[in-house]
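The values are calculated or read from the model by the stated rules, or taken from the named source; none is laboratory data. What you see is a predicted model; the values in this text were computed from it and never measured. In this analysis, Cβ positions are derived from the backbone assuming ideal geometry, glycine residues included, and neighbour counts consider all displayed protein chains. Just so you know, the surface numbers come from the protein's heavy atoms only, side chains and all, with ligands and any DNA or RNA stripped out. Shrake-Rupley method; radii C 1.70, N 1.55, O 1.52, S 1.80 Å.
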Amino acid sequence: MPKILHITMNLNIRKATSQDIPVLLSITKACAKFMIQKGIFQWNENYPNRAAFVHDIERSELYVLLETDEIIGCIVISTLMDEEYKAVNWLSPDGANLYIHRLAIHPKVQGKGCAQFLMEFAENYAIENNYRSIRLDTFSKNPRNQKFYELRGYKKLEDIYFPKQSVYPFHCYERIL
């Protein structure tokens, strides 16, 4: 019988600071390159960008994932509904909802449960703080991300567009908590 390898990672999450932005831009650029190599044109030179991360930090909504002392990923857990989301017919009423943005894990550690760890953190945060649901979007040409969210219980709803990112739509998802 083959041995099962178990990789133990020392993962921690903390709020991001402005000093983290260069590392986060490096991670998101590595993610963009990795996706482009797979034919997924989700992120580009316009997004994610420094201004988005600065805004996230100003709102205290950006978190970094560390393995020991190295930043390997990030997630935005926001209460702000983007303008593009306002026309979507969500499953729950607007108000007590959280929005996930810019979930990124460096390609060198993808596939080891890091994104699951960040989403579990976000979902627990939402439950502990009495939010009704979590809403997010993911690129229509990224089946791996779609499967990731659907396996976590997110329901696919309508499509929205971010023309500076792609001509293709982004699927909106919501999970009632």
Q. What number of residues within region 160-177 satisfy the criterion of being more than 27 Å from G111 (Cβ to Cβ) and not aromatic (F, W, Y)?
A. 5
Q) Between residues in region 68-80 that are in contact (Cβ under 8 Å) with a residue 12 or more places away in the chain and residues that are among the aromatic types (F, W, Y), which pairs lie under 7 Å by C-beta distance while being six or more apart or on different chains? A) C74/Y63; I75/Y63; I77/Y63; I77/Y125; S78/Y99; L80/Y99
Q. What are the pairs, 6+ residues apart or on separate chains, where a residue within region 100-114 that is more than 22 Å from F170 (Cα to Cα) and in contact (Cβ under 8 Å) with a residue 12 or more places away in the chain has its Cβ under 9 Å from a residue that is small (G, A, S) and not in a helix (DSSP H, G or I)?
A. V109/G73; C114/G73
**Q.** Filter result (of a type in the set (D, E, K, R) and over 19 Å from the mean Cα position of the chain (by Cα)) within region 67-102
**A.** D69, K86, D94
Q. Out of the residues in region 131-171 that are in contact (Cβ under 8 Å) with a residue 40 or more places away in the chain, under 25 Å from L11 (Cβ atoms) and in a loop (DSSP other than H, G, I, E, B), which is least open to solvent (accessible area, probe 1.4 Å)?
A. N142
(Q) For region 113-130, give me the residue count where each residue is within 14 Å of the chain's Cα centre (by Cα) and assigned to a helix (DSSP H, G or I). (A) 10
